[in-house]
Amino acid sequence: MPSEKILAAKQQRVEDLVSELKGATTYVFVATRGLTVAQDTEMRSELRKAGVKFEVIKNTVLRRVFAELGFEGLDEVFEGPTAVGYSDDIIAPAKVLAKFSEDFEPMEIKGGIIDGKVATVAEIVALSKVPDPTTLQTQVAYSLLFPFTKLAMLVKAVAEKKQEEGGEAAPVAAPAAETAAVEAPAEAPAEEAAPAETPAE
């Protein structure tokens, strides 16, 4: 039977993990047995870059930790060696760990928790396909600008087509009244009247 010192150490470990994990939004549980040192190093490096914390934890400890966090239905997940990736970023743990589970054959996603709800493997994989916030913002911005961009391209295409069909635009004709005024010669001034004859005396 474990001594009180060992039991106290285990309880302290559980409490520390509860404090550490309780602020996360997404948890992804994976089996990593069989990864090479190089693969494990590469994966952990990518997780750190994405702001995801990652730990290999004994199942007995995991059960107690997540029971204290208020989650049930994870008994099947906590079978065999288990590691957990977690973050307050809802997408990052799923995105990075799903990628490496595809690239590294020994690695396997076992399940997870998304925004307070226990999630299946399929739900974790589906979450991993969601664009990250930066990409999503870019896509939204593009979708908003696309109609205006398309309209500008359409207007330009119509203008170019008209120019090709008709060549340069003909100069605008001057109004007829103005033309007549320019072409008509000015009237000659009237002759001065002859001086009146002096009456005879």
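The values are calculated or read from the model by the stated rules, or taken from the named source; none is laboratory data. These numbers come from a predicted model, not from an experiment. FYI the Cβ positions are ideal-geometry reconstructions off the backbone, even for glycines, and counts take in every protein chain you see. Surface areas here come from the heavy atoms of the whole protein model, side chains and all, with no ligands, DNA or RNA. Shrake-Rupley method; radii C 1.70, N 1.55, O 1.52, S 1.80 Å.
Residues in the stretch 20-36 that are closer than 20 Å to ILE124 by Cα and outside any strand (DSSP E or B) were compared, and the one that is least open to solvent (accessible area, probe 1.4 Å) is LEU21.
In the stretch 87-114, the qualifying residues are those that are part of a loop (DSSP other than H, G, I, E, B) and β-branched (Val, Ile, Thr), and the one that is surrounded by the most Cβ atoms within 10 Å (Cβ to Cβ) is ILE91.
Give the residues of the stretch 59-71 that are loosely packed, with under 14 Cβ neighbours inside 10 Å and either small (Gly, Ala, Ser) or in a loop (DSSP other than H, G, I, E, B) (or both), sorted by residue number. Break it down stepwise before answering.
Quick first cut of the stretch 59-71, residues loosely packed, with under 14 Cβ neighbours inside 10 Å only: 60, 67, 70.
ALA67, GLY70, listed by residue number.
Please work out if LYS5 is open to solvent by 70 Å² or more (accessible area, probe 1.4 Å), in contact (Cβ under 8 Å) with a residue 24 or more places away in the chain and not in a loop (DSSP other than H, G, I, E, B). Here the answer is no, as LYS5 does not meet what is asked. Of the residues making up the stretch 10-27, at least one is out of contact with any Lys or Arg (no Cβ under 8 Å at 6 or more places or on another chain), small (Gly, Ala, Ser) and more than 20 Å from ALA92 (Cα to Cα). LEU74 satisfies every condition listed in (1) hydrophobic (A, V, I, L, M, F, W, C); (2) over 33 Å from the mean Cα position of the chain (by Cα); (3) open to solvent by less than 40 Å² (accessible area, probe 1.4 Å) except (2).
All of LEU17, LEU47 fail the test of being assigned to a helix (DSSP H, G or I), open to solvent by less than 80 Å² (accessible area, probe 1.4 Å) and either farther than 15 Å from MET107 by Cβ or acidic (Asp, Glu) (or both), apart from LEU17. For the stretch 77-86, filtered to residues that are in a strand (DSSP E or B) and closer than 20 Å to GLY34 by Cα, the residue that is nearest to the chain's Cα centre (by Cα) is GLY85.
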